[in-house]
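What follows is one structure encoded as structure tokens, with my remarks underneath.
No value in this document is a laboratory result; all are computed from the given coordinates. Nothing here was measured: the structure is a model prediction, and the numbers come from that model. Quick reminder, even Gly has a Cβ in these numbers, built from the backbone with ideal geometry, and neighbours come from all protein chains shown.
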Amino acid sequence: MTSLDNKVAIITGASSGIGYETAKLFAREGARLVLVARGQAGLDGLLAELVEDNAEAVAYAGDVADEACAKAAVDLAIARFGGLDIAFNNAGTLGAMRPTPDVTLAEWREAVDINLTSAFLAAKYQLPAMAARGGGSLIFTSTFVGHTVGMPQMASYAASKAGLVGLTQVLASEFGAQGIRVNAILPGGTDTPMGREVANTPEIRAFIEGLYALKRIARPQEIARSVLYLASDASSFTTGTAMLVDGGVSINRT
């Protein structure tokens, strides 16, 4: 049920962390991939690994907050593989992490552009391409921060990521009749380069792990498996959801 044979998928933020592991998992499941990230070197490393495993993949280095990048990724999917079935819009930023009054307007706008406006731009081009194929699955990476839990000094991150949940719900209702499912995945703390920016000392990491019901943070491969569920026919009646994959941090009080 989780096979992605003959499916074409765009993955943003593909050069590291959750995006990187999702790309490898999608490839193993038979998807043909368009990989997007800002850094060409990271994309080249991932492409080399995928090609070695006989996967079909191409890369586009660009800024997801740039409309030209969103269009180019979809154009590349159509030109190289004939269309688009799946999009995992995963690229994001933590933004400025300090007391809210100290966050500049430029920093606020940068976080909103990268985390939220980029999702709108991606969907703007991905949805018509999916509709032309008779349906598809569009997935955003949101977070539990600002959805179920407030974390100090993360205002721009929380607000921009929470906006993805509203966007998810609107798009799911707007495009469901065309066979397109739209969902957001809400990971908990994950052992990625971005996650390590927060858990940047052994003491802070231990404190963070203690907040979770499972008393640990996630491996990126674990989040990737939940993305695969939403991308595949295993979730064929799932749309408009904000799916927590957060190790129980949202409900834990121990």
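Of note:
- Here the chain is assigned +1 on the Cβ of each Lys and Arg and -1 on the Cβ of each Asp and Glu. Its dipole about the Cα centre then comes out at about 460 debye.
- Note on the range 1-160: dipole from Cβ charges, positive end direction compared against 20, 118, 97; the farthest Cα belongs to 118.
- Per-pair calculated FRET efficiency, R0 = 30 Å: residue 100 and residue 207 via Cβ, rounded to 0.05: 0.90
- In this structure, the residue pairs whose Cα-Cα separation is over 31 Å, taken from 7/215; 71/161; 7/161, are 7/215.
- For the range 152-165, 3J(HN,Hα) per residue [Karplus equation, 6.51 cos²θ - 1.76 cosθ + 1.60, θ = phi - 60°, Hz, x = Gly/Pro]: x, 6, 10, 4, 5, 5, 4, 5, 5, 6, 5, x, 5, 5
- Rounded tilt (10° steps) of 67-81 against the dominant C-alpha axis of the chain: 40
- Cα convex hull of the range 58-164 - mean projected area over all directions, nm²: 7.0
- Dipole axis of the chain (+1 Lys, Arg; -1 Asp, Glu on Cβ), positive-most option in 157, 144, 77: 144
- Of the chymotrypsin sites (Phe, Trp or Tyr not before Pro) in the range 152-254, those whose Cβ has at most 13 other Cβ within 10 Å and which sit in DSSP loop: 237
- Listed values (i) 0.95; (ii) 0.93; (iii) 1.00, entry calculated as Rg/Rh (Cα atoms, Kirkwood Rh): (i)
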